[in-house]
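For reference, the structure is listed below as C-alpha cells.
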Amino acid sequence: CDAIREALVNQIHNWTDDTNCQQGGEKCLYHMISETSNMVKAYHVTPKAHYRDNLKFIFIKNPTESVQCEVEGYSASEIFYAILDFGTNYCNLHNLIVGSGLDNAPGYKEETSDSICTQYSSANCTRF
C-alpha cells in the first residue's frame with residue numbers, strides 16, 4: 001500500500017495550484033491535510049465556485065490472499081446541498097487515481113455505483 005499511497009500524495013502535490021485548470025476541468029486545487037501509513041486526508045477546491053470537498057483514502061494491506069492492497073476513497077462536499085453535483089465528488093477521487101496512473105496498475109479494480117456515489121453513472125470527469 002505504500003507505493004499506492006505515495007502515488008496519490010504525489011498527485012495531490014502536483015495539482016496544488018490552478019495551473020492545470022486554466023483550460024477548464026478540475027484537476028487542480030488539491031491540498032494535503034494529513035498522511036499516515038493507512039490514511040490520507042486532503043481537500044479539493046472547485047476552481048469556479050470555490051466549494052471545498054473533503055477527501056479521505058484508507059489503505060488496507062492484504063485484506064485477502066489475492067489482494068495486496070485495498071483502498072477506500074471518500075469525497076464529501078462541505079456544503080449540505082451539494083447532493084446532485086454532476087458526479088463532482090466521484091471525479092475528485094477518480095481524477096487523482098487516473099492522474100497518478102494507478103488505474104493502469106496490475107489488479108486495479110474500481111467498485112462504486114450511483115447508490116454509493118451520487119450521479120456516478122453520469123459523471124463527466126473531463127469537466128469536473
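How large are Rg and Dmax for the chain when only the alpha carbon atoms are used, in Å?
Cα-based Rg and Dmax for the chain come out at 14.2, 44 Å.
For the chain, take the longest principal axis of its alpha carbons; what is the angle in degrees between that and the long axis of helix 2-14, to the nearest 10 within 0 to 90?
20 degrees
Within the accessible area of the chain, what % is carbon and sulfur when the probe is 1.4 Å and the other protein chains stay in place?
Numbers: 3870 of 7860 Å².
Looking at the chain in its full context, I get 49 percent from C and S.
Roughly how tilted is helix 88-100, in degrees to the nearest 10 and between 0 and 90, from the longest Cα axis of the chain?
In the chain, helix 88-100 runs at an angle near 60 degrees to the longest axis.
Where the only charges are on Cβ atoms (+1 Lys, Arg; -1 Asp, Glu), what is the dipole of the chain about its Cα centre, to the nearest 20 debye? Kindly include the intermediate steps, with their values, before the conclusion.
Details: 9 positive and 16 negative charges, 43 e Å.
Its charge dipole is roughly 200 debye.
List the chymotrypsin sites (Phe, Trp or Tyr not before Pro) in region 89-125 that DSSP assigns to loop (not H, G, I, E or B) and whose Cβ has at most 14 other Cβ atoms within 10 Å. Which are they? Before the final figure, lay out each step's value.
On the way: sites: 90, 108, 120; in loops: 108.
When the chymotrypsin sites (Phe, Trp or Tyr not before Pro) of region 89-125 are filtered for loop state and at most 14 Cβ neighbours within 10 Å, 108 remain.
Suppose accessible area is computed on protein heavy atoms with a 1.4 Å probe; arrange 12, 33, 97, 116 from highest to lowest. Could the numbers behind the result be given before it?
Numbers: 12 0, 33 90, 97 25, 116 125 Å².
Ranked from most to least accessible, the order is 116, 33, 97, 12.
Treating cross-link reach as a plain straight distance, find the lysines whose alpha-carbon is under 20 Å from the alpha-carbon of residue 41, omitting any fewer than eight places away in the same chain.
Output for residue 41: 27, 56, 61.
Whole-Hz ³J(HN,Hα) for each residue in region 109-121, computed from phi via Karplus 6.51 cos²θ - 1.76 cosθ + 1.60 with θ = phi - 60°, x for glycine and proline: what do you get?
Residue by residue, region 109-121 yields 8, 10, 10, 7, 6, 5, 6, 8, 10, 3, 6, 4, 5 Hz.
Can you list the cysteines of the chain that have no other Cys Cβ under 4.7 Å away?
So, 117.
Classify region 25-64: rounded, prolate or oblate, from the alpha-carbon gyration tensor (a ≥ b ≥ c, eigenvalue square roots; a/c under 1.5 rounded; otherwise prolate if a/b is larger than b/c)? Please report the intermediate quantities before stating the final value.
Values: a/c = 3.66, a/b = 2.56, b/c = 1.43.
It is prolate, given that a/c is not under 1.5 and a/b is the larger ratio.
Mind checking which of 58, 46, 13 is farthest towards the positive end of region 1-65's charge dipole, using Cβ charges of +1 (Lys, Arg) and -1 (Asp, Glu) about the Cα centre?
Result: 46, furthest along the dipole toward the positive end.
Could you state how much accessible area residue 122 has, in square angstrom rounded to the nearest 10, with a 1.4 Å probe and all protein chains kept in place?
Only protein atoms counted, so the area is about 80 Å².
Can you sort 34, 121 by solvent-accessible area, 1.4 Å probe, largest first?
On the way: 34 50, 121 90 Å².
Heavy-atom accessible area, descending, gives 121, 34.
The values are calculated or read from the model by the stated rules, or taken from the named source; none is laboratory data. Predicted model only: the values in this text are computed from it and were never measured. Neighbour counts are summed over all protein chains in view; Cβ atoms, including those assigned to glycine, are modelled from backbone coordinates with ideal geometry. Ligands, DNA and RNA are stripped out before the accessible areas are found, and what is left, the full protein with its side chains, is counted by its heavy atoms. Shrake-Rupley method; radii C 1.70, N 1.55, O 1.52, S 1.80 Å.
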